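The values are calculated or read from the model by the stated rules, or taken from the named source; none is laboratory data. What you see is a predicted model, and the numbers here were worked out from it, not measured in a lab. Glycine also receives a Cβ, built like all others from the backbone with ideal geometry; neighbour counts cover every protein chain displayed. Ligands, DNA and RNA are excluded from the accessible area calculation, which covers all protein heavy atoms including side chains. Shrake-Rupley method; radii C 1.70, N 1.55, O 1.52, S 1.80 Å.
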Amino acid sequence: QVQLVESGGGLVQPGGSLRLSCAASGNNFRIYDMGWYLQAPGKQRELVAAITSGGSTNYADPVKGRFTISRDNAKNTVYLQMNSLKPEYTAVYYCNADVWVPGTVRRWTAWGQGTQVTVSS
């Protein structure tokens with residue numbers, strides 16, 4: 001069983017910064033693509049940024065130039081540096097990861113429990 005645990009959320013003023021972390025733990029697994037999603041109240045979950053195991057990145061247009069996704073493969077951890085935050089970025093942020101367990105046939109997607117980010121003065 002692989003678990004993802006996010007941390008780093010909280011309350012920040014407009015224009016401020018936060019750094020989210022998401023660590024994968026478990027036994028005998030391999031992580032491929034990882035990503036961050038956000039879900040605002042009453043809305044669907046949507047992609048913020050994604051990163052491959054090789055470090056290639058992809059961002060949603062609204063966060064380009066503001067957010068940076070990175071990862072530490074040795075620690076099975078993905079990060080999201082969020083700068084110049086706006087109130088509209090208030091949401092629960094989730095990380096996910098494509099996981100493969102040796103001896104099984106298919107990859108599957110693991111999700112974290114989410115961390116709240118509130119941008120408000």
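Listed values, structure above:
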{"item": "Extreme residue, nearest to Asn27 (Cα to Cα), among residues of the range 64-91 that are buried (at least 17 other Cβ atoms within 10 Å of the Cβ) and in contact (Cβ under 8 Å) with a residue 60 or more places away in the chain", "result": "Tyr79"}
{"item": "Selection from the range 41-52 of residues that are at pLDDT 95 or above and either open to solvent by 40 Å² or more (accessible area, probe 1.4 Å) or outside any strand (DSSP E or B) (or both)", "result": "Lys43, Gln44, Arg45, Glu46, Leu47, Thr52"}
{"item": "Scan of the range 29-40 for residues that are of a type outside the set (Ser, Thr, Tyr), farther than 19 Å from Pro87 by Cβ, open to solvent by less than 60 Å² (accessible area, probe 1.4 Å) and more than 11 Å from the chain's Cα centre (by Cα), ordered by number", "result": "Phe29, Ile31"}
{"item": "Of all residues making up the range 1-28, the number that are assigned to a loop (DSSP other than H, G, I, E, B) and closer than 13 Å to Leu80 by Cβ", "result": "3"}
{"item": "Residues satisfying the stated conditions in the range 53-63, i.e. within 23 Å of Ala24 (Cα to Cα), of a type outside the set (Ser, Thr, Tyr) and assigned to a loop (DSSP other than H, G, I, E, B)", "result": "Gly54, Gly55"}
{"item": "Candidates Val78, Val48 - the one that is among the β-branched types (Val, Ile, Thr), within 10 Å of the chain's Cα centre (by Cα) and farther than 22 Å from Gly15 by Cα", "result": "Val78"}
{"item": "Residue tally, condition closer than 10 Å to Tyr94 by Cα and hydroxyl-bearing (Ser, Thr, Tyr), over the range 22-46", "result": "1"}
